[in-house]
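Colleague: Quick one: this structure, given as structure tokens, is what I'll be asking you about.
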2 protein chains.
Amino acid sequence: MLRVIQIGLGPLGRKTVQFAAERPALRVVAAVDPSPDIAGRQLSDLCGAGGAIAVASSLPAALSAAAEPPQVAILTTYSDLDRVEAQLCELADAGLPVVSTCEELSYPWITHPDHAARIDARFRERGLACLGTGVNPGFLMDYLPAVLTGLCRSVRHVTVRRVQDASTRRVPFQVKIGACLSIEEFAARVAEGTLRHVGLPESTHFLAAALGLRLERVEEELRPVLADLPVTTGFRPIDPGTACGVEQIARGYAEGREVVRLEFRATVGEAESFDQVEIDGEPPLLSTIAGGVNGDIATCAVVLNALAVVATAPPGLHTMLDLPIPTAGRTV
Amino acid sequence: MLRVIQIGLGPLGRKTVQFAAERPALRVVAAVDPSPDIAGRQLSDLCGAGGAIAVASSLPAALSAAAEPPQVAILTTYSDLDRVEAQLCELADAGLPVVSTCEELSYPWITHPDHAARIDARFRERGLACLGTGVNPGFLMDYLPAVLTGLCRSVRHVTVRRVQDASTRRVPFQVKIGACLSIEEFAARVAEGTLRHVGLPESTHFLAAALGLRLERVEEELRPVLADLPVTTGFRPIDPGTACGVEQIARGYAEGREVVRLEFRATVGEAESFDQVEIDGEPPLLSTIAGGVNGDIATCAVVLNALAVVATAPPGLHTMLDLPIPTAGRTV
């Protein structure tokens with residue numbers, strides 16, 4: 001039995017609490033979210049599970065209210081390390097190892113070396129482990145391809161494709177990928193930074209590290225996918241010439257050539273959803289998950305599956321490269 | 001740079017030396033094989049790579065002949081722990097961590113608990129790590145499906161299918177799977193135990209452990225696949241009614257029902273080769289490697305990729321469940 005504190009009760013945090021409640025090996029004993037419309041409410045009310053535990057507005061308040069002390073923390077708050085670093089350090093100081101969905105934490109060593117070094121130092125000081133993970137970044141476009149390279153005598157290039165039909169996804173997801181926007185509106189959302197999927201550079205560096213390479217540079221490209229016919233499968237109709245979604249590509253270069261290429265594409269009305277890894281190596285490999293992986297479910301699952309691994313890991317900031325595999329039934 | 005000693009210079013050991021020679025991070029500094037037709041020969045002669053290192057007939061002879069002391073051992077000798085245990089312990093006593101392709105070592109905790117306990121104790125005493133791995137068992141039918149369960153909130157059942165067209169494989173492989181045998185000849189080979197793929201029970205227990213389950217029982221079934229039309233794609237023609245290969249199925253039961261099913265099928269003239277994992281869970285997953293994975297290349301690759309992980313692992317007997325992923329570029 002592992003006692004968990006949940007930090008962040010947005011959609012992801014709520015689903016995590018719900019899934020955790022299904023597992024006899026886990027018990028959520030405390031929760032934190034300072035949002036005025038969340039703090040003070042009970043988990044059972046917010047998440048449909050988790051019982052009569054009131055969400056506290058701060059970590060100290062949650063710890064003093066908890067009937068039993070938590071042993072590990074789940075942090076699902078922000079995508080960026082600028083805002084997450086202080087939260088992580090507060091958890092370390094409270095003696096809690098952490099699994100977080102912060103995208104920039106999934107492989108921060110190249111993109112945020114100073115944040116990474118400070119977080120690593122703090123967790124080492126406290127003798128605790130910290131891991132950033134999730135489905136993407138954290139698994140499908142970095143960890144799984146890295147696992148598959150284990151079958152190879154040599155690898156020249158890796159392509160990863162995550163292609164999703166957003167028609168059946170939540171409306172906020174369809175909005176997030178720019179569905180129904182004009183070219184100008186799409187460009188404005190890109191400029192304000194609210195349309196980008198966070199994590200492709202981290203995944204690119206992760207995969208390069210798995211190949212024993214240090215990248216010279218990473219290029220990232222983001223463009224709208226425009227409907228060429230009317231699309232009626234989403235939350236509202238999309239006219240030809242307006243955006244039905246986004247395509248985002250990251251390329252990693254080493255030794256003067258492209259060695260890693262990540263293609264993320266999500267549109268309303270996409271013909272086929274799939275997750276694919278193509279390794280140009282010896283042997284060559286083409287591995288496909290038909291229909292793709294539901295991101296909302298899998299992110300929460302990966303986090304819960306990683307808890308036992310992180311609770312018993314050596315101190316410091318880890319990535320998925322450093323730890324044993326977080327399988328669906330792993331317990332402490 | 002990791003200095004390696006290769007124990008066993010059969011086909012697998014020779015290929016391992018050949019692949020190791022391609023890697024700047026590895027150097028084979030010694031080799032052992034007592035076979036009269038191998039001992040005394042040079043690696044470059046036997047493997048087409050590896051230089052002017054003579055194969056010694058014993059470990060002490062190899063260690064005293066080595067210009068530099070090895071840091072890690074690769075053991076590719078036998079499939080059964082009865083014969084491998086003493087070899088492993090001799091390596092531990094010589095101060096060497098080991099990666100072995102011994103099939104029964106891939107997950108010995110249930111099928112050979114006494115061997116496993118003794119090997120674990122010896123490597124712990126010496127402060128060294130030991131790992132059994134390979135492509136199958138070791139990766140495709142146990143490790144990779146276990147990795148994929150990490151995406152799941154819950155798993156009810158896992159099916160793994162390894163289906164191979166043996167037409168283009170080495171003649172010894174075609175012979176090994178019973179191609180061209182009559183039903184009676186096939187039954188005789190099964191009875192003498194020379195036709196069975198070793199490792200399915202180990203893979204079944206591995207996967208169950210990944211799911212947090214302890215199996216009540218494992219059933220294994222082995223039957224010939226009979227040609228229904230003449231097959232002419234193998235090393236010699238196969239008449240209808242004779243065997244073109246083998247189908248071997250293992251089923252693992254827990255909580256009164258089947259939870260893991262492994263299907264291994266290799267025939268001359270198989271319509272399609274593939275490696276597939278099907279998870280009945282939330283989310284459901286169907287992951288397929290098109291064309292399948294070449295077993296000879298991948299086994300050697302997995303072993304070499306695991307060296308750096310094992311050289312730095314905590315002491316004791318490990319399985320692939322316990323260690324970080326052995327990626328294609330991992331170095332110490």
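The values are calculated or read from the model by the stated rules, or taken from the named source; none is laboratory data. What you see is a predicted model; the values in this text were computed from it and never measured. Don't worry about glycine lacking a Cβ; one is built from the backbone with ideal geometry, like all the others, and counts go over all protein chains shown.
Colleague: For the range A:289-324, which positions are in a loop (DSSP other than H, G, I, E, B), at the interface with chain B (Cβ under 7 Å from one of its Cβ atoms), crowded, with 20+ Cβ neighbours inside 10 Å and in contact (Cβ under 8 Å) with a residue 24 or more places away in the chain?
Modeller: Selection gives A:V293, A:L323.
Colleague: Yes or no: the range B:198-205 includes at least one residue that is under 16 Å from the mean Cα position of the chain (by Cα) and part of a loop (DSSP other than H, G, I, E, B).
Modeller: Yes, the conditions are met somewhere in the range B:198-205.
Colleague: crowded, with 22+ Cβ neighbours inside 10 Å, more than 14 Å from chain B (Cβ to nearest Cβ) and in contact with a strand residue (DSSP E or B) (Cβ under 7 Å, 6 or more places away or on another chain) - does that describe any residue in the range A:124-134?
Modeller: yes
Colleague: Further, regarding this structure: Which condition does B:E255 not pass, out of (1) within 14 Å of chain A (Cβ to nearest Cβ); (2) modelled with pLDDT under 95; (3) in contact with a Gly (Cβ under 8 Å, 6 or more places away or on another chain), if it passes all the others?
Modeller: Exception for B:E255: condition (3).
Colleague: Which members of the range B:106-122 meet the condition of being over 18 Å from B:F264 (Cβ atoms) and surrounded by 24 or more Cβ atoms within 10 Å (Cβ to Cβ)?
Modeller: Of everything in the range B:106-122, those that are over 18 Å from B:F264 (Cβ atoms) and surrounded by 24 or more Cβ atoms within 10 Å (Cβ to Cβ) turn out to be B:P108, B:I119.
Colleague: Test each condition in (1) of a type in the set (D, E, K, R); (2) farther than 27 Å from B:L195 by Cβ; (3) assigned by TED's automatic domain parsing to the domain that holds B:E258 for B:R122 and report the one that comes out false.
Modeller: B:R122 satisfies all of (1) of a type in the set (D, E, K, R); (2) farther than 27 Å from B:L195 by Cβ; (3) assigned by TED's automatic domain parsing to the domain that holds B:E258 except (3).
Colleague: On the given criteria, is B:D120 closer than 25 Å to B:V332 by Cβ and touching a Leu at 6+ places or on another chain (Cβ under 8 Å)?
Modeller: The answer is yes for B:D120.
Colleague: Name the one entry in B:A61, B:A39, B:A30 that is in a strand (DSSP E or B), modelled with pLDDT of 95 or more, under 18 Å from B:T77 (Cβ atoms) and among the small types (G, A, S).
Modeller: None of the other options fit; the residue is B:A30.
Colleague: Here's another thing I want to ask about it. Check B:I177, B:I183 and return the single one that is over 21 Å from B:E278 (Cα atoms), surrounded by 24 or more Cβ atoms within 10 Å (Cβ to Cβ) and either away from chain A (no Cβ under 12 Å) or in contact with a Phe, Trp or Tyr (Cβ under 7 Å, 6 or more places away or on another chain) (or both).
Modeller: So the residue among B:I177, B:I183 that is over 21 Å from B:E278 (Cα atoms), surrounded by 24 or more Cβ atoms within 10 Å (Cβ to Cβ) and either away from chain A (no Cβ under 12 Å) or in contact with a Phe, Trp or Tyr (Cβ under 7 Å, 6 or more places away or on another chain) (or both) is B:I177.
Colleague: Select from the range B:185-207 the residues that are acidic (D, E) and in contact with a strand residue (DSSP E or B) (Cβ under 9 Å, 6 or more places away or on another chain) and write down the one among them that is farthest from B:T242 (Cα to Cα).
Modeller: Ranking the candidates gives B:E202 first.
Colleague: Cβ-Cβ below 7 Å, separation at least six or inter-chain, first residue in the range B:22-48 and under 12 Å from B:G8 (Cα atoms), second in a loop (DSSP other than H, G, I, E, B) and of a type in the set (S, T, N, Q): which pairs?
Modeller: Hits for this filter: B:V32/B:S58; B:P34/B:S57; B:P34/B:S58; B:A39/B:S57.
Colleague: Report those helices (runs of 4 or more DSSP H) wholly inside the range B:88-190 carrying at least 1 residues which are over 14 Å from B:H318 (Cα atoms) and modelled with pLDDT under 95.
Modeller: B:171-176
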